[in-house]
Amino acid sequence: MAEQEQTGGDVSEPHQENEPGEQAVIPGRGVVEGCCTLLLIASEVEAQALGLNAERWCVQQLKPGVDAVVTGVSKANAAGALGWLLGADPKRWDLVLSMGVAGSLPGSGLELGSVVVARACVFVDEGVEKPDGFESCAAMGFGIWQGCNEVEVPVWVVDRLEQLGDQVRDRVGGIATVSICSGTAKRAAFVAGSGCIAEAMEGAAGGLVCAQLGKAFGEIRVISNTTGDRAHQVWNLDKALSRLRQVVQRL
C-alpha cells in the first residue's frame, strides 16, 4: 500500500480535552472528544438490521455519540451524502466510518461472519480496460488521491476498530471498493489481484471525501458471502447482519 501523506486537514489522533461539566469520553469506544461518530450505511437491509429507517441522506441517532446516515448503494451515493452532510455541518463529526457487509475475495481465508477492518480503501476498478489488460487511473497518471488509487486509514483508527472484533478469524487488510461486484471467477481474481481481502461498493468514496476535508475515516465490514461464480457463491446474510449489530453495539 502506498504511504499516504496527510493534507487538507489534521486527522491525527485527538487528545482528551473536555469542557467543565462535560461527560468524559473513553478513547477507543467510537466517540472522539465528546463529538459524534458518523456511520455510513449503504443499503436498506443493513439499515433495518441496525434499527434505522430507510430514509436516505437523513441523519439518525443510533445512540448517544453515534449518528448514522443511510446513503444508498454505490460510490456516488456514499460520496454525495457524506459531502453534503459535512458541508452543511463540518464540525459535528470527528470520525466517519463506512460500515456494512462485504464479500470475501479468493485467497483471503475469511469466513462468513468475519469482521474486516480496512487498512486501506482501494478504488480497484477505476481506470481503462485495454486489450492487454486493465490500467488504473494512477498508472495513467490520474491518481484519485495523492497519485494513488487508494486512501489509507489512519493507524489510530485501525487500532481502535480492531478492538471491535473479538474473534481469531477477524482480520485487518485492504478493502476493495468496486462498481461491479465479483460474480465470476475471473472478476474475483482481478479484484483479489489488488491485494485486497474483501470487496464492497462505498468505502473508498467516503474515505476520499474525508481525506479531502481533513476528517478521520475508517471502514469496517462483516463478511456476508464469498465471491466468484455467482451460482456457486456461499451466503449467510443473516449471520453477517447479526455480527454487524454486535459490532455497532460495541462502538
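For the reader, a short list of remarks on this structure follows.
- Over region 35-106, the Kirkwood radius and the radius of gyration, each from Cα atoms, give a ratio Rg/Rh of 0.97.
- Taking other C-beta atoms within 10 Å as the exposure proxy, 190, 123, 134 rank 134, 190, 123 from fewest upward.
- Helix 237-249 vs. the chain, principal-axis angle (Cα, 0 to 90°, nearest 10): 30 degrees
- Relative frequency of Cα-Cα separations exceeding 30 Å in the chain, percent: 22 percent
- In plain terms, the residue of 148, 121 with the fewest other Cβ atoms within 10 Å comes first and the most crowded comes last, giving 148, 121.
- Ordering 224, 211, 173 by the projection of their Cα atoms onto the charge dipole of region 148-251, which places +1 on the Cβ of Lys and Arg and -1 on the Cβ of Asp and Glu, puts 224 at the extreme positive end.
- Inter-probe distance in nm under a simple model that places probes 7 Å from Cα toward Cβ, at residue 185 and residue 63: 4.4 nm
- Antiparallel DSSP beta bridges within the chain, as percent of all bridges there, nearest 5: 35 percent
- Taking 4 °C and 1.567 mPa s as conditions, region 156-251 diffuses translationally at an estimated 88 µm²/s according to Stokes-Einstein applied to its Kirkwood radius (Cα pairs).
- Using a simple spin-label model with pseudo-atoms 7 Å out from Cα toward Cβ, residue 88 and residue 163 lie 3.1 nm apart.
- Charge sum, other residues only, whose C-beta stays under 15 Å from residue 140's C-beta, Lys/Arg counted +1 and Asp/Glu -1: -4
- Solution diffusion estimate, µm²/s, Stokes-Einstein, region 87-231, Kirkwood Rh from C-alpha pairs, 4 °C, viscosity 1.567 mPa s: 83 µm²/s
- Taking a point 7 Å from the Cα of residue 76 along the Cα-to-Cβ direction, none of the residues of region 94-125 has its backbone N closer than 15 Å to it.
- Assigned charges on the beta-carbon of Lys, Arg, Asp, Glu; region 36-249 dipole about Cα centre (debye): 280 debye
- Full extension of the chain segment joining residue 130 with residue 55 gains 23.0 nm, where the gain is 0.36 nm per residue of separation less the Cα-Cα distance.
Taken together, the values in this text are just the output of simple stated rules run on the coordinates, not laboratory data. Quantities reported herein were computed from a predicted structural model and do not represent experimental measurements. So basically every Cβ, Gly included, is an ideal-geometry build from the backbone, and we count neighbours across all protein chains shown.
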